[in-house]
Each structure stands twice: as structure tokens, then as C-alpha cells.
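Here's the structure we're looking at; comments come further down.
The values are calculated or read from the model by the stated rules, or taken from the named source; none is laboratory data. Only a predicted model underlies this, so the values are computations on that prediction, with no experimental measurement involved. In this analysis, Cβ positions are derived from the backbone assuming ideal geometry, glycine residues included, and neighbour counts consider all displayed protein chains. What goes into the accessible areas is simple: the full protein's heavy atoms, side chains included, and nothing from ligands, DNA or RNA. Shrake-Rupley method; radii C 1.70, N 1.55, O 1.52, S 1.80 Å.
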Amino acid sequence: MANFVKNIITIAGNEQEIKALFYMVGSSISRFDFEQVIQSKVFQSGQLVEVFKLMYVRLTRWGTTGNAQDIVIDGNVITFVTLKHPPHRVLQELAELFPDLEINHKWADECIGINCGEITYYRGNTYIIQADLFSQEAYALYTDCWGKSDKLETDKAGRQQLSDKLIQLVI
């Protein structure tokens, strides 16, 4: 079963540059098309390589195997899902192309408490927060990206934890 990663990109800065970024990433097939940032198509003897090689090429070039899905754009915020991994390389490239924009990227795996973090790119600097597994920070990032879940409970001290029901299912 594939795991999805929810990604939230918030862009701040000069409105003209933000419009230029949105224009660049848009295409006839998507409002946020990774192909517009980093090409993944590879030609071999005039033919596109088979699907698995293409997925590998995308993983190495984009940081994820497929393009953005379920895209929602609200002002300067882009929300979308990817398969298994966030598209770090795509966002690094955008940050290099638009260094005066502040690009903040939050992501969280649909599996609560793993594969989540936050990166901010601004003027050549990268600020990274990689949440520890099953930490309060990981739960907060999950909630920011996916919303509240009945699989998370709050204990008497106000700390979030996985629900006992979920833990019993795993055991």
C-alpha cells in the first residue's frame, strides 16, 4: 500500500515574483507541475524509458516518484500530496530560481508520527526541522498537514499520543 505525504508550501515575498513562480510551475495538466521545474523525461533510442526507470529518475531528480496530486492553491499557499516522499529537490530548485522569496515547506506522512518536518528556504539559506519519530513535534506537523485525527489523543499533561485503540491494532 502506498503512503501519501501531505505537503503545504507557503510563499512570502514580492507579489510579482510570487506570480512569476506560480506562472512557471503551472502547465496544461497541473497548477503545480514538477516537470516545469525539473524535467524527468528521459529518452533512450528515441523512446521514453519504461515506467520503473522513469519512477527512479523522478525519485532522484524530484525527491519523489510522482507529480503533485490533489492540488489546492489558496492565495500564496499550495497544498498537495505526493507518494511516499516530499519533493525536496523541486523546492530546492524553486528556491534557487527565486532566492528573494521565502518558501516554507511543511510535510507529514499519512502514517502518524513518521516522515514529517519543515524546511524554509530564503536567500540561499535553508532552515530544516526534521521531527523525531512519534514526537510532539511530529504529531503537531501531522495535525497541521492532515488535520485533527481520532487516532491521536491528548493525555492529562496536554501531550498528544497515539490512541490506545490504534496501538492495540498494531500489537
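Computed values, structure above
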quantity: Criterion: out of contact with any strand residue (DSSP E or B) (no Cβ under 6 Å at 6 or more places or on another chain), farther than 17 Å from T64 by Cβ and of a type in the set (A, V, I, L, M, F, W, C) - qualifying residue of L97, L101, L83; calculated: L97
quantity: Answer residue from region 20-66, given it is assigned to a loop (DSSP other than H, G, I, E, B), among the aliphatic types (A, V, I, L, M) and closer than 30 Å to N76 by Cα and is modelled with the lowest pLDDT among those; calculated: I38
quantity: Residue identified as in contact with a Phe, Trp or Tyr (Cβ under 7 Å, 6 or more places away or on another chain) and hydrophobic (A, V, I, L, M, F, W, C) among C116, C111; calculated: C116
quantity: Verdict on I112 being in contact with a strand residue (DSSP E or B) (Cβ under 9 Å, 6 or more places away or on another chain), among the β-branched types (V, I, T) and under 30 Å from E35 (Cβ atoms); calculated: no
quantity: Pairs where the first residue, in region 57-78, is under 14 Å from F32 (Cβ atoms) and open to solvent by less than 40 Å² (accessible area, probe 1.4 Å) and the second is aromatic (F, W, Y) and assigned to a helix (DSSP H, G or I), C-beta under 7 Å, 6+ apart; calculated: W62/F34; N67/F34; A68/F34
quantity: Number of positions in region 5-19 that are open to solvent by less than 20 Å² (accessible area, probe 1.4 Å) and assigned to a helix (DSSP H, G or I); calculated: 1
quantity: Subset of region 60-111 [polar (S, T, N, Q) and closer than 25 Å to E137 by Cβ]; calculated: T64, N76, T79, T82, Q92, N104
quantity: Residue, most open to solvent (accessible area, probe 1.4 Å), within region 82-120, restricted to residues that are without any contact (Cβ under 8 Å) to a residue 60 or more places away in the chain and among the β-branched types (V, I, T); calculated: I114
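Here's the yes/no breakdown for (1) basic (K, R); (2) at pLDDT 95 or above; (3) over 22 Å from V5 (Cβ atoms):
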{"site": "E93", "(1), (2), (3)": "no, no, no"}
{"site": "L97", "(1), (2), (3)": "no, yes, yes"}
{"site": "L101", "(1), (2), (3)": "no, yes, yes"}
{"site": "I119", "(1), (2), (3)": "no, yes, no"}
{"site": "I129", "(1), (2), (3)": "no, no, no"}
{"site": "L133", "(1), (2), (3)": "no, no, no"}
{"site": "D144", "(1), (2), (3)": "no, yes, no"}
{"site": "D155", "(1), (2), (3)": "no, no, yes"}
{"site": "Q160", "(1), (2), (3)": "no, no, no"}
